[in-house]
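K.L.:
Take this structure, written in structure tokens, and hold onto it; I'll ask about it next.
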Amino acid sequence: MVPEPNFPAQPDEFVGRDTQIEAFRQVLAQGLLTGRTPSFAVLGDWGVGKSSLLLKYSAICSKPEHAMLPVFFSVSTELSDYKCFAECLLDTFTRALETSDSPITQFRNELQKWKLSRLSIGGVSLDRQGPEFFLTSGTAILKHALHDAWRQFVRPAQITGVIFFLDDLHNFTDPRAQGIALALRNQFQEFAIHGVNYSLCFSARSDYFSNIRSFAEPAVRFYDKVYLSSFTLPETREYTAAVFGDSPRIHPLSEWLYAKTFGHPYFLAFVSRQLLALAHGSLVDPEPLWPAIFKRLEHEKFRSDLAQVTEREVQLLRDVARAGNDEVSPRQMTNRYERKYFSRLTEKALLLRVGRGRYKLYHPLFREFLKQTQ
């Protein structure tokens, strides 16, 4: 396996996460028994492998024993509203039907006609008419088109169900996002009530549901939840063996990698890639290579982290790095900062909110970088 820190892992190179994969298999088994596949939420902080896990789930559900159609959709910050989201999701769904290995090929001509006629469903004014309008029109588009597709294509093709994989749902930064979370829940619950086996599996930041007010609480309860964190030491050993080969040297190397990265998948991949480049086939002792690796990490990751923040926010990050504890609260800071700075840095994934009024830097290596560059 070639480590690629800036890309999700391919399903055939995926390692670890046995508990999370087994939970998903149970969800699929339940769907086969009942005809209603539960919806899923994969929650975790930046770089822990949420997208990789969604791709693995997608590969699992498409196997013949499940006969499910996966529809993978990356949620972009450029989506303007729920109506735009609904139309883009349907475009992706149509492409998934067109490229499916199921008997859908016999319907391909009809599918092309359906795709063209479907465009008229969204033929409403694009003038902004308030949040209710865009939620309502987006819901209407999904309801009509997906019911129609189930009847015309999905069931005749002997597909048992469709799972929409929405990667990085937190990127939907529209002010109506809380209403959108509830709209998705209502829409897909309605499908289940009518025997239409569509379900959702989305990834988002670990605090996604904590930002949804009580009025959207039904949306929180609707999803089975999987929380991702960094790799355990056994998972780190599995990853190390996949990258460097299974040999007697792997045990000490995996422990060294775990000590440096704390099992964080992004940093594991980054450091492993640099080790392969610098060691030239000899990894007797990786420690002498660490200064060069950390320097590369500084230039490729940490300096770009700081490039997206203001001087005041950089000062806050450095003050957090200097603090005696890993976790801090605004009241503990020697320099006083408005809470908006903590919120902004949390939104940028440089600070993690670990409890009510408590924050920490997103990784110890970032802390070390900040301390070295005071």
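K.L.:
Checking the structure you have, find out if any residue of the stretch 68-75 is assigned to a loop (DSSP other than H, G, I, E, B) and of a type outside the set (A, V, I, L, M, F, W, C).
P.N.:
Taking every residue of the stretch 68-75 in turn, none turns out to be assigned to a loop (DSSP other than H, G, I, E, B) and of a type outside the set (A, V, I, L, M, F, W, C).
K.L.:
For the stretch 260-346, list the helices (runs of 4 or more DSSP H) that sit wholly inside it and hold at least 1 residues that are touching a residue at least 24 places away in the same chain (Cβ under 8 Å) and among the hydrophobic types (A, V, I, L, M, F, W, C); which are they? Don't jump to the end; show me each part of the working.
P.N.:
Values: elements: 265-279, 290-297, 303-307, 311-322.
The qualifying helices (runs of 4 or more DSSP H) are 265-279, 290-297, 311-322.
K.L.:
When the stretch 32-55 is examined, which residues are found to be open to solvent by 30 Å² or more (accessible area, probe 1.4 Å) and in contact with a Ser or Thr (Cβ under 6 Å, 6 or more places away or on another chain)?
P.N.:
If the condition is that a residue be open to solvent by 30 Å² or more (accessible area, probe 1.4 Å) and in contact with a Ser or Thr (Cβ under 6 Å, 6 or more places away or on another chain), then Asp45 is the only one that fits.
K.L.:
From the residues in the stretch 10-41 that are hydrophobic (A, V, I, L, M, F, W, C) and touching a residue at least 60 places away in the same chain (Cβ under 8 Å), which one is farthest from Asp168 (Cα to Cα)? Full working, then the answer.
P.N.:
So the first thing to find is which residues in the stretch 10-41 are hydrophobic (A, V, I, L, M, F, W, C), and the list is 14-15, 21, 23-24, 27-29, 32-33, 40-41.
Pick out the ones that are also touching a residue at least 60 places away in the same chain (Cβ under 8 Å) and you get 15, 23-24, 27, 32, 40-41.
Details: Val15: 21, Ala23: 20, Phe24: 18, Val27: 21, Leu32: 27, Phe40: 13, Ala41: 11 Å.
Checking each candidate, the answer is Leu32.
K.L.:
Within the stretch 234-252, which residues are open to solvent by 40 Å² or more (accessible area, probe 1.4 Å), under 18 Å from Asp285 (Cα atoms) and touching a residue at least 24 places away in the same chain (Cβ under 8 Å)?
P.N.:
Matches in the stretch 234-252: Arg249 only.
K.L.:
So, of the residues in the stretch 190-233 that are at pLDDT 85 or above and of a type in the set (D, E, K, R), which turns out to be surrounded by the fewest Cβ atoms within 10 Å (Cβ to Cβ)?
P.N.:
Applying the filter and picking the extreme gives Lys225.
K.L.:
OK, next. Checking Val320 against (1) within 28 Å of Gln20 (Cβ to Cβ); (2) buried (at least 17 other Cβ atoms within 10 Å of the Cβ); (3) out of contact with any helix residue (DSSP H, G or I) (no Cβ under 7 Å at 6 or more places or on another chain), which test does it fail?
P.N.:
(1)
Yes or no, residue by residue, for (1) on the phi < 0 side of the Ramachandran plot; (2) within 18 Å of the chain's Cα centre (by Cα); (3) surrounded by 15 or more Cβ atoms within 10 Å (Cβ to Cβ):
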site	(1), (2), (3)
Arg17	no, yes, yes
Tyr57	yes, yes, yes
Glu78	yes, yes, no
Phe85	yes, yes, yes
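The values are calculated or read from the model by the stated rules, or taken from the named source; none is laboratory data. Since this is a predicted model, take the numbers as computed values, not measurements. Note that we place each Cβ from the backbone using ideal geometry, even for glycine, and neighbour counts take in every protein chain shown. These area figures cover heavy atoms from the full protein model, side chains too; ligands, DNA and RNA do not enter into them. Shrake-Rupley method; radii C 1.70, N 1.55, O 1.52, S 1.80 Å.
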